[in-house]
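> Below: one structure in structure tokens.
No lab work stands behind these numbers, since they all come straight from the coordinates. If you're wondering where the values come from, they're calculated on a predicted model, not measured in any experiment. Cβ sites come from the backbone with ideal geometry, for glycine too, and all protein chains shown count toward neighbours.
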Amino acid sequence: MDGESTGAAATPQASGDRSEPPSGDTSVTKRRGAADNGARESEREDTQAGGDTSRTLSLGAGVRAVYPSPSTSNVSAVMRGNRKTGSSPELAVRRAVHRRGLRYRVNPLIRAGGTAVRPDLVFSRARVAVFVDGCFWHGCPLHGTQPRRNSSYWGPKIARNQERDSHRTTLLTTDGWIVIRAWEHEPAEVVASRIEEALRGR
Ligand SMILES: [Zn+2]
């Protein structure tokens, strides 16, 4: 499936994704393990380092989409935005939250009901976990319309993601966490306000 990942699963994301405001807060870390996130793994853009022109996106089940070579940095930015891990909606939320003086951990592995879960942002002490879900992959009601073409493939995959999302939400909630699920289309400030509100109640 991800046969062409060239063992780069542990390769850190491109440095361009790390434009967080400096905070001196060591709890803001970027860890991305190989476990847990089947959905994310398959969403990951396969090309890591080398400027390979034949960029492809593994869609799982051996299905691959070819990215055209980006001709401008703007196009590259759009492509980066399409990647879930450290995606720009998630980064925007992180920055908005950070600006409010709130500190969080990024992608830590936490245990809930004996299952490992890796939310996008975690406020450990307050036990608030945040997921910023991609509209397409997680089936947003506004933008997650399933494509007619290949719907036999996309449909089940998105359904599986949604199932996993709700299962993880249930696990965490049962374990005493407040779970905030945001769509990537939601303005970062709106999401940040939801987070701030949840934290205030703790
Ligand atoms: Zn959406």
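> First select every other residue whose beta carbon is under 13 angstrom from the beta carbon of GLY113; then total the charges, Lys and Arg +1, Asp and Glu -1. Walk me through the numbers on the way to the answer.
On the way: positive: ARG111, ARG168; negative: ASP175.
It works out to a net charge of +1.
> Same structure, new question: Output ³J(HN,Hα) for region 121-135: one whole-Hz value per residue in order, computed from phi by the Karplus curve 6.51 cos²θ - 1.76 cosθ + 1.60 with θ = phi - 60°, and x for Gly and Pro.
Result, ordered by residue: 10, 9, 9, 4, 5, 7, 6, 10, 10, 10, 10, 10, 8, x, 4 Hz.
> What order do you get for 129-135, 181-187 when each peptide is scored by the mean count of other beta carbon atoms within 10 Å, highest first? Walk me through the numbers before you get to the answer.
On the way: 129-135: 23.0, 181-187: 18.4.
Top of the packing list down: 129-135, 181-187.
> Long-range amide H contacts for SER124: which residues qualify at under 5 Å (H placed 1.01 Å from N, peptide plane, sequence gap of 5 or more or a different chain)?
ARG105
> Let me know the shape class of region 83-200, please: from the alpha-carbon gyration tensor, a ≥ b ≥ c as square roots of the eigenvalues, rounded when a/c is under 1.5, otherwise prolate if a/b is greater than b/c, or oblate.
Working: a/c = 2.30, a/b = 1.40, b/c = 1.65.
Taking the square roots of the gyration eigenvalues as a ≥ b ≥ c, region 83-200 is oblate.
> Would you mind computing, in nm to one decimal, how far apart the modelled labels at SER193 and ARG111 are, each placed 7 Å from Cα along Cα→Cβ?
Roughly 3.9 nm, to one decimal.
> Further question on the same structure: Amide H neighbours of TRP183 under 5 Å, counting only residues 5+ apart in sequence or on other chains, H built in-plane at 1.01 Å?
When sequence neighbours closer than 5 places are left aside, the close amide H contacts are ASP133.
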